[in-house]
1. How many of the residues in the range 9-26 are free of Cβ contacts under 8 Å to residues at least 40 places away in the same chain and within 12 Å of ILE233 (Cα to Cα)?
2. Does GLN151 meet the test of being polar (S, T, N, Q), in a loop (DSSP other than H, G, I, E, B) and within 24 Å of ARG95 (Cα to Cα)?
3. Filtering the range 176-203 down to residues that are farther than 16 Å from ILE131 by Cα and among the charged types (D, E, K, R), which residue is surrounded by the fewest Cβ atoms within 10 Å (Cβ to Cβ)?
4. Is it the case, given these coordinates, that ASP214 is surrounded by fewer than 14 Cβ atoms within 10 Å (Cβ to Cβ) and under 26 Å from SER86 (Cα atoms)?
5. For the range 34-50, which residues satisfy the criterion of being part of a helix (DSSP H, G or I), touching a residue at least 12 places away in the same chain (Cβ under 8 Å) and farther than 14 Å from SER115 by Cα?
6. Consider the range 117-148. How many of its residues are within 15 Å of the chain's Cα centre (by Cα) and either within 24 Å of LYS88 (Cβ to Cβ) or part of a helix (DSSP H, G or I) (or both)?
7. Is one or more of the residues making up the range 134-146 loosely packed, with under 15 Cβ neighbours inside 10 Å, touching a Phe, Trp or Tyr at 6+ places or on another chain (Cβ under 8 Å) and among the hydroxyl-bearing types (Ser, Thr, Tyr)?
8. Find the residue count for the range 81-116, including only residues that are assigned to a helix (DSSP H, G or I) and within 22 Å of LEU164 (Cα to Cα).
Amino acid sequence: MRYLAYRFKSVNEHGVHSPFVYDLLMNVIYVQADYYPFKNIEKIREQLLDSDKKIMFTDLGAGQKKASSSGSIKKIKNIAQRSAKSAKYGQLLFRLVNHFQPSQVLELGTSLGISTAYLASANQSTNVITIEGSKEVADIARQNFKQLQLQNIEQVIGNFDDVLPTIINDLPTIDFVFIDGNHCKKATINYFNVCLKKVHSNTVLVFDDIYWSDEMIEAWDEIKRNNRVSVTIDLFFMGLVFFKQGQAKQHFVIRF
C-alpha cells in the first residue's frame, strides 16, 4: 500500500518546476550510463550471493525491525540478500557522488561494502569514511575493497551512537552522507541532528528505507520540516535532502 501511494503521488521530470531538481533528474537520477566500475562491483555482489561461508553477524540496528547485539551465525549470501543495496540504487549513489564531487563522504552502515564501493569508485580523490557495527562483516567488506583496489576508504567499526559524534566533530564540514543504519525514528533523527552541526549549502544527505516502517515515515516527515532543509526528493527506497541557500523550500516525490 505504501508503494502504491508513492506511485500515485510521484511525478517525473514533466511535473517538476524547479530548475535545480529538473537538472538533477535529467543529469543524475534518470541517467542510464554504464560507468566502468559497475561491472566489477556487481561481480563482487555475485560472489557474495554465491557464498555459503558463515560468519558471526552482529546487528546493532533495526535491520530486521528488531535489534540484536548478541550476534548470530549467518551465511554471507543471506546477509548480501538482505542488506546489500540493489544495483539500481548503488549506481544512483555513484552518480550523485560523481555529480556533486564531495571531498568527504560519510556512510553509516558498510555491511558487505557494495554501497561503499559505489560511493568510493565515483571519485578516487574523495575520502570515504564508512561505519559498521559488526567487525566480522566489516572484515568481508575490507576484502572486497582490496579486490576492487579501492584505497580511498577508511573503515570505522563501532556503534553509530558512539562513533558518529566523534567523527563529525573531527570534520570541518560534511559534504555527503549516506545513512543506512538503525531504521528507527529516534536513531534516524539523532543521526540527522548530529550531521546538521556540520552541513553547508552544498551538503547532500541520503536516507535509506524512508518507508521501512511507520517510525521511518515519521522520521522522514520530521526531517522535511526542519528549518534548515530546503529541498527533499522522495524516491521511495531513498530520500535525498539538500540545504541550498536561497532555494525555496520544496518537497518532491519523484518516480524512480
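Read-outs: derived from the displayed coordinates by stated rules, not from any lab. Note that the structure is predicted; figures quoted are calculated from it, not measured. Using ideal geometry, Cβ is built from the backbone for each residue, glycine included, and neighbour counts are taken over all protein chains shown.
1. Total meeting the criteria: 1.
2. In short, yes.
3. LYS186
4. Yes.
5. LEU49
6. So the count comes out to 10.
7. no
8. Result for the range 81-116: 6.
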